[in-house]
Amino acid sequence: MARLPYIEKADLPPEHQDLMKREITLYKELVNSPNALRAFQGLGYFIRYTSTLDARLRELAILQVGWLARSPYEWSHHIKIGYDFGVSDADIKALIDDTAGKATSLGAIERLVLLAARESTNDGAVGKATFDALRKHLSNEHMIDLVVTIGFYNAVVRTLASLEIDVEPEYQQYLEKYPFPAKPV
């Protein structure tokens, strides 16, 4: 259960109703601070619609962050969004296997993007060897877009967890299809 109230679009003053174009629980919670939501949406919009990074690679990086953070909201939403941008079920299974150190059929760039997301999430930064290897595949602009994407979604998963944002019923199917493993005892 969310820690702050969800606010419905109809309950907002007219000047903030544009913030609820997508009436998802994350926005319903963040709109408790309309200016924070506006800033949040600005970077999210850049990442999804104007970044030059390949959309499939972007979604794999976001999914990796969601998987590592065990973020039901992020994981479920970006499975759906990932499908829209070319991520396949085989990619998702490979991401899970790659994270566990198992061999996959993913290409070199995909494995490097996942590694970059793991290093940044777990260690606070993309390691030098991974960064240098990615530079062989990505332009400077793509590198910035990748690092910004990973950093932003690390902030998103922490926001989701801190506010205890609920996953909407229509996204539950993705959690059932690809559940998080039980935590080790």
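Filtered by the rule that a residue be touching an Asp or Glu at 6+ places or on another chain (Cβ under 9 Å) and surrounded by fewer than 19 Cβ atoms within 10 Å (Cβ to Cβ), the range 141-158 gives a lone residue, H142.
Counted as qualifying within the range 69-125 are the helices (runs of 4 or more DSSP H) with 1 or more residues that are more than 13 Å from the chain's Cα centre (by Cα), among the acidic types (D, E) and farther than 21 Å from E170 by Cα, namely 89-99, 108-123. Say whether the condition of being closer than 30 Å to E23 by Cβ, among the charged types (D, E, K, R) and outside any helix (DSSP H, G or I) is met by at least one residue in the range 138-161. No, every residue in the range 138-161 fails to be closer than 30 Å to E23 by Cβ, among the charged types (D, E, K, R) and outside any helix (DSSP H, G or I). Taking the range 49-68 as the range and being part of a helix (DSSP H, G or I) and over 17 Å from A117 (Cα atoms) as the test, the residues that pass are Y49, T50. P72: loosely packed, with under 12 Cβ neighbours inside 10 Å and either out of contact with any strand residue (DSSP E or B) (no Cβ under 7 Å at 6 or more places or on another chain) or not charged (D, E, K, R) (or both), yes or no? When the stated conditions are applied, P72 does not pass them.
Per-residue answers, yes or no, for (1) without any contact (Cβ under 8 Å) to a residue 12 or more places away in the chain; (2) within 26 Å of L26 (Cα to Cα); (3) surrounded by fewer than 16 Cβ atoms within 10 Å (Cβ to Cβ); (4) hydrophobic (A, V, I, L, M, F, W, C):
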| residue | (1), (2), (3), (4) |
| --- | --- |
| Y49 | yes, yes, yes, no |
| E59 | no, yes, no, no |
| L63 | no, yes, no, yes |
| K80 | no, yes, yes, no |
| I96 | no, yes, no, yes |
| A108 | no, no, yes, yes |
| A117 | no, yes, no, yes |
| D123 | yes, no, yes, no |
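Computed from the coordinates by the stated procedures, all read-outs in this text should not be read as laboratory data. Keep in mind that what you see is a predicted model, and the values were worked out from it rather than measured. Neighbour counts are summed over all protein chains in view; Cβ atoms, including those assigned to glycine, are modelled from backbone coordinates with ideal geometry.
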